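Notes follow the structure.
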Amino acid sequence: MEFKQWWNFRTNQSLWSRFFLAKYCQRSHPILKKWDTGQSQAWKNLTVNRKEAGQYIHWRLHSGEISFRWDNWLGTSPLANQTNGGGKPATPLLLYENLEHKKPVKWSFCLWRALRNKLPTDDRVVSFGQPTVTRCVCCVRPQGESIDHIFSKGHFARIVWKKFSGIAGPHTDDLSLRQLLIKWWLMKANNAVHKLLLDTTPVIICWNHWKNKCGAKYGNMSSSITRVLFAIHSDILPLLKTSYPQIQWPPNWIDIYILAENVKHITTTTQVEWVKPEAQFVKVNCDGSALTNPGKIIAGVIVRDHHSQFIHTITSPFGTGTNNLAETNAATIGVNWCIENGFTRIHLEVDLTILVHWVSNSSKPPWNIQMQLQQLQHLCQQCEEIRCAHTFRKANCPADSLSKLSHDLPRLNHFNSMLDLPSHIRCQIILDQMCTPSFRNSRNANIIGGNPMCGISIFDAHSIGIPPMYQ
Ligand SMILES: [Zn+2]
């Protein structure tokens with residue numbers, strides 16, 4: 001009974017619910033409001049089971065009536081439950097997630113502040129009119145302290161960058177922080193591991209420069225290159241070990257870099273082909289494409305029978321959206337056309353694996369395509385029989401080409417005859433009829449590591465030529 005009351009209270013705009021809202025929830029959300037002594041028994045009964053009842057209330061998106069933070073519009077739990085006390089996401093967007101101490105947010109935030117000149121350096125303090133002696137704490141011969149001095153142009157900073165840029169390639173002397181980062185980030189990566197290293201090393205170096213500066217200025221540590229190099233190394237190594245645990249990572253920077261540059265992704269080749277549907281079924285091949293993600297989205301659909309004969313094609317632009325939305329819309333117009341034309345036994349093939357899971361409810365779709373997906377599921381329920389399966393893009397060539405073709409078309413187009421289609425799509429349809437196989441090369445996440453060169457340890461300050469005053 002209390003469950004139903006809570007449901008009515010949250011979902012109905014009755015006089016009774018408005019009264020309770022006005023009396024008890026003027027300044028806080030009903031989910032948060034606690035029962036206090038002296039408040040009515042009816043309100044107490046309402047709040048007793050609200051947590052359990054709330055799990056079964058799902059909110060319809062786009063209605064404009066839900067609370068972004070407190071209502072369960074995600075389907076899993078309210079957004080507020082997925083954050084910790086300070087309002088920060090419990091799983092922040094990290095450069096990588098599995099490292100302890102959640103350092104990367106600090107790294108990125110520190111660099112972001114440095115790039116926007118928002119760090120409390122001496123030159124900034126001076127700019128506020130405060131009489132301050134600007135004198136860096138990093139170098140042996142102190143100079144004026146500024147962002148560029150601490151992070152890139154100072155004597156101390158240059159030595160550190162040189163240690164890491166030497167093998168990586170970019171010449172970093174006399175560059176501002178911004179130019180230096182651009183140089184690192186514009187370097188061409190040979191593989192995913194190399195890219196990770198090129199992307200994150202400058203961030204880690206900057207973070208450790210800042211730590212060194214703060215330690216020397218506000219703590220009781222002296223500026224030390226050996227310590228900074230060790231700290232940078234201690235940050236890079238766990239990052240690589242967490243991201244690529246299958247590789248034996250060597251203990252020093254030069255070997256790490258050479259290894260990362262030379263690892264190879266394993267490429268597998270698979271034979272794939274379009275297979276005609278069973279008797280009584282039509283096969284609907286769909287594909288959606290987005291010029292950018294999100295961007296202008298287009299859908300292509302081709303319908304063929306169990307003799308591999310062409311029945312119909314549709315191409316349609318759908319405004320702007322994500323790639324997922326393009327794929328969902330493509331499937332929707334395909335199934336919709338079949339139902340309208342009396343084909344109720346459908347074998348739907350899409351090249352987005354996750355869409356198959358979304359249609360079968362085995363996975364939760366992103367909130368922004370939930371409405372479109374509900375429409376597709378509703379159409380699926382109208383079919384006598386529907387099978388939704390994944391196919392590789394190489395076995396879905398006509399639909400793929402159709403979705404790209406419609407980038408030039410202003411509106412939805414139907415093609416009832418193969419002769420109306422461009423020659424390359426006609427050719428792909430004929431190849432499918434002849435069961436001509438294609439070969440799919442996939443570069444998977446697995447990598448083969450090379451043998452690292454044996455090199456000196458980064459901790460051996462003498463052998464890498466750190467000036468004695470900084471050791
Ligand atoms: Zn300095």
Task: Residues of type lysines that LYS33 reaches as a straight line, Cα spacing below 21 Å, ignoring anything fewer than 8 places off in the same chain - done: LYS4, LYS23, LYS44, LYS51
Task: C-alpha long axis of helix 192-218 to longest principal axis of the chain, angle in ° - done: 40
Task: MRE, 222 nm, helices only [DSSP H, n ≥ 4, -39500 (n - 2.57), over the chain, to nearest 500] - done: -12500 deg cm²/dmol
TODO: Output the Kirkwood hydrodynamic radius of the range 255-352, Cα pairs only, in Å rounded to one decimal.
DONE: 15.5
Task: Whichever lysines have a C-alpha closer than 25 Å to that of LYS394, once near sequence neighbours (fewer than 8 apart) are set aside - done: LYS264, LYS276, LYS283, LYS296, LYS404
Open item on the list: How tilted is helix 155-168 with respect to the longest principal axis of the chain? Cα atoms for both, answer in degrees (0 to 90, nearest 10).
Closed with: 50
TODO: Please give every one of the aspartates and glutamates within straight-line cross-link reach of LYS364, meaning a C-alpha to C-alpha distance under 19 Å, and leave out same-chain neighbours fewer than 8 residues apart.
DONE: ASP71, GLU327, ASP351
Open item on the list: Students often check this: by mean Cβ neighbours within 10 Å, which of 412-420, 243-251 ranks highest, and how do the rest follow?
Closed with: 243-251, 412-420
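How large is the charge dipole for the chain, taken about the Cα centre, if only the Cβ atoms of Lys, Arg (+1) and Asp, Glu (-1) carry charge, to the nearest 20 debye?
It comes to approximately 1800 debye.
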Open item on the list: Suppose we keep just the alpha-carbon trace of the chain; what are its Rg and Dmax in angstrom?
Closed with: 30.4, 87
Task: LYS118 paired with ASN45, simple spin-label distance in nm, labels 7 Å along Cα-to-beta-carbon - done: 5.2
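Every number in this text was worked out from the coordinates using simple rules, so none of it is lab data. Model, not experiment: these values are computed from the prediction. Note that each Cβ is placed from the backbone with ideal geometry, even for glycine, and that neighbours are counted across all protein chains shown.
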